[in-house]
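These notes concern the structure reproduced below.
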Amino acid sequence: MRLRALVAQVIVLGVVFCVVFCGTPAVPALAEEPPAETVQTTPEPEKLEAGLVSDEDGARAIVELAVPAQAEQVAGEARLLPETDVVLQPQDTSFIVVQGTGESLAELAKDPRVVSIRRDRTYSPSSLASGLTLVGADRAHAEGADGRGTTIAIVDTGIDAAHPALGGKVVRQACFSVVDEGVRSLCPNGQESDTSERAADAAAPACLDGQVNLCEHGTHVAGIAHAVAPGADIVALQVFSRVDDCGAGEPCVTAYESSLLLALEYLTRLKDTVPGLVAVNMSLGGGLYGASCDGEPEVQEMRGRLGALLAKGVATVAAAGNEGSPGAGVPGCLSGAVTVGATDDADRVPDWSNHGSVLDLFAPGVDVDSSVPGGRTEIYSGTSMSTPHVTGALAVLAQRAAETGADASAGALTGRLTAAGRPIVYDGVAVPRLDLYGALTGAAPSPGVTQNPGDPGDPGPGDPGDSDVPEEPGDDPSPEPGTPPVGPTQAPVPIPLPTVTVTVTVTADPVDPPAVAAPVRPTMCVRGTSKKTLSAAKWAAEFGTGKGTLTDATLRCYLGMVGKASRVFPELGGASTPAAARRVLKPAKRTKRTVFESELLAAWLNWASGSVNLTARVNETTSVGDALTTAEVRRLRGSFPSASASLLGRHVNARRT
């Protein structure tokens with residue numbers, strides 16, 4: 001089941017679009033949902049993504065074509081449509097990007113040369129020594145296995161190639177970054193693409209906001225991959241764009257799907273001239289799906305790009321995401337990706353790591369000290385940090401396979417890693433934790449460990465209690481030394497998988513810092529730990545000026561998570577800011593539509609606050625996630641049945657966990 005929009009089409013860039021199942025006990029069954037109203041709707045064109053046709057304000061959309069040669073003609077036709085502009089027309093690709101109203105996009109979908117039209121969604125970045133020892137990288141290095149002769153690609157926020165920790169191994173750079181209203185390219189040339197020598201420079205002017213570097217995520221990720229495979233060359237790709245106002249006037253970075261597609265096409269071509277390219281690291285994500293998303297129509301182009309790389313022997317390694325949910329965002333939910341969750345040095349799964357059958361591996365992702373621009377290092381946590389451990393491990397295995405004549409296909413290398421990993425049984429699903437040295441030597445896996453969300457020592461979100469309002473996100477303490485691995489750790493808050501709503505960097509040191517100066521850590525956005533739900537009216541009060549108990553930053557955090565999990569908000573519901581959310585939660589006029597949207601937004605906010613989990617039951621046959629999925633599908637089809645609104649209001653927003 002897809003999470004970003006608990007409907008058939010999110011990274012989210014996610015989390016990510018999330019449907020988070022946190023493993024809390026099922027609540028007693030409630031009354032059956034009243035029969036749904038029958039609403040006659042006009043089916044949308046199959047080629048047009050659900051919801052786009054009703055978007056009167058206009059949307060940025062990817063128009064996929066049957067063949068690249070048709071792009072010029074279709075672009076010309078699009079420019080003739082009312083209120084439509086072609087904002088990106090890459091050469092030799094099978095898509096263009098247009099900005100247009102739902103009516104114009106529906107008209108364009110009638111063109112037989114058009115295969116599909118879908119939103120150009122945004123994706124986010126997910127957020128050493130002990131980890132290297134844990135996975136056996138130090139022993140591999142001692143035996144000469146360090147990835148030499150191979151190449152890995154880091155698709156992220158660019159890299160500080162001159163950082164001493166990277167050892168001069170960045171050999172090639174490219175940038176694909178959007179230019180749009182309120183959105184700036186992060187390419188040094190200010191354009192939408194750049195393949196110059198420093199095209200992915202993480203110190204490009206647009207990456208800097210005063211003393212803050214918005215692009216340090218990629219350097220941190222690259223430093224981890226290099227630590228595991230110090231002999232491998234690195235190709236750096238910048239795919240993010242700068243959004244100047246992500247709330248309260250603060251900038252942030254986000255990646256558009258069109259930029260990711262161009263980057264993956266670039267790497268597919270690069271493999272022809274760089275045969276040593278063995279793995280692509282994507283510590284980013286969009287949406288959230290509880291199982292494989294291979295069949296979802298909105299991810300088919302991404303799936304095709306990953307498949308093209310895999311056919312050439314290149315594995316794509318993706319972060320699962322930091323929503324604490326069973327599942328992963330795009331591209332991690334695709335079977336063509338190697339999807340990675342996080343563990344700590346005691347093989348405990350932190351409560352924020354995504355998990356479940358979609359994952360291929362766990363790897364260290366808690367308190368990882370790695371490089372950031374300017375020659376510094378920072379300690380971050382997140383599945384973003386776990387992913388490059390696996391990318392580096394694939395490079396090391398590829399080197400050894402080339403030396404011994406063993407099968408060096410991407411599938412064979414990944415199979416060795418999964419076969420050798422220590423089984424971590426979490427929430428009833430066994431996923432191996434990376435053991436590079438075991439994969440090199442063919443050793444039997446270490447004995448497995450079993451953990452469950454909510455085990456003693458980690459109450460986790462959604463546990464019963466007496467708090468009347470959602471708790472705010474914050475830094476959870478690290479586990480006490482020597483704590484046995486019997487439950488998920490309350491690890492440091494993960495750095496986000498960069499998001500449109502969260503700045504993922506820290507304050508850089510001033511040019512001439514005083515002796516006592518220290519980097520300022522940002523507040524990270526994670527699901528809350530509230531113990532009671534709020535009604536739509538109470539949420540409206542929280543969003544009222546000076547009337548609520550939650551900070552504006554917390555409310556923006558929750559709205560950002562809703563924007564990743566839901567397909568309705570903020571794309572159709574207009575709830576991207578606290579003021580807009582309040583108008584949805586407390587509409588000036590109560591109609592079937594406004595009541596429906598009010599209860600739907602409140603339900604998502606209760607999920608973001610941690611007070612309700614999507615696996616909880618609303619009746620004997622329906623979970624909270626099912627109810628949200630059904631409501632979202634109906635809203636996207638222009639239907640607002642009062643039965644669904646009543647179900648959300650009575651059995652989700654008025655429930656007590």
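The values are calculated or read from the model by the stated rules, or taken from the named source; none is laboratory data. All values reported here derive from a predicted model rather than from experimental measurement. Note that each Cβ is placed from the backbone with ideal geometry, even for glycine, and that neighbours are counted across all protein chains shown. Areas reflect the complete protein model, heavy atoms only, side chains present, ligands, DNA and RNA absent. Shrake-Rupley method; radii C 1.70, N 1.55, O 1.52, S 1.80 Å.
Structural remarks
- Nonlocal amide H pairs with residue 277, under 5 Å, H built at 1.01 Å: 151
- Approximate spin-label separation residue 553-residue 430, in nm, with each point projected 7 Å along Cα-to-Cβ: 4.3
- In terms of its alpha-carbon gyration tensor, region 295-362 comes out oblate; a/c meets the 1.5 threshold, while b/c is at least as large as a/b.
- Cα gyration tensor category, rounded, prolate or oblate, for region 230-327 with a/c compared to 1.5: oblate
- Residue by residue, region 393-403 carries 3J(HN,Hα) couplings of 4, 5, 5, 5, 5, 5, 4, 5, 5, 5, 6 Hz when phi is fed to the Karplus relation 6.51 cos²θ - 1.76 cosθ + 1.60 (θ = phi - 60°); x denotes Gly or Pro.
- Taking amide H positions as modeled 1.01 Å from N, with prolines and chain starts lacking one, the residues under 5 Å from residue 421 and 5 or more places away or on another chain are 435.
- With all pairs of separate Cα atoms included, region 80-164 yields a Kirkwood hydrodynamic radius of 18.3 Å.
- For region 278-321, applying the loop criterion from DSSP together with a ceiling of 12 other beta carbons within 10 Å to the trypsin sites (Lys or Arg not before Pro) yields no site.
- Per-residue SASA entry for residue 561, accessible area with 1.4 Å probe, Å² rounded to 10: 20
- Accessible carbon and sulfur surface of region 608-657 relative to its total accessible area, %, 1.4 Å: 48
- Subset of 169/271; 531/592; 532/592 violating a 22 Å alpha-carbon distance limit: 531/592; 532/592
- Sequence-distant residues sharing a close amide H with residue 427 (under 5 Å, placed H): 451, 452
- Among the trypsin sites (Lys or Arg not before Pro) in region 69-124, those placed in a DSSP loop whose Cβ has at most 12 other Cβ atoms within 10 Å are 110.
- Couplings 3J(HN,Hα) of region 319-329, computed from phi: 6, 6, x, 10, 8, x, 10, x, x, 7, x Hz, in residue order, whole Hz [Karplus 6.51 cos²θ - 1.76 cosθ + 1.60, θ = phi - 60°; x for Gly and Pro].
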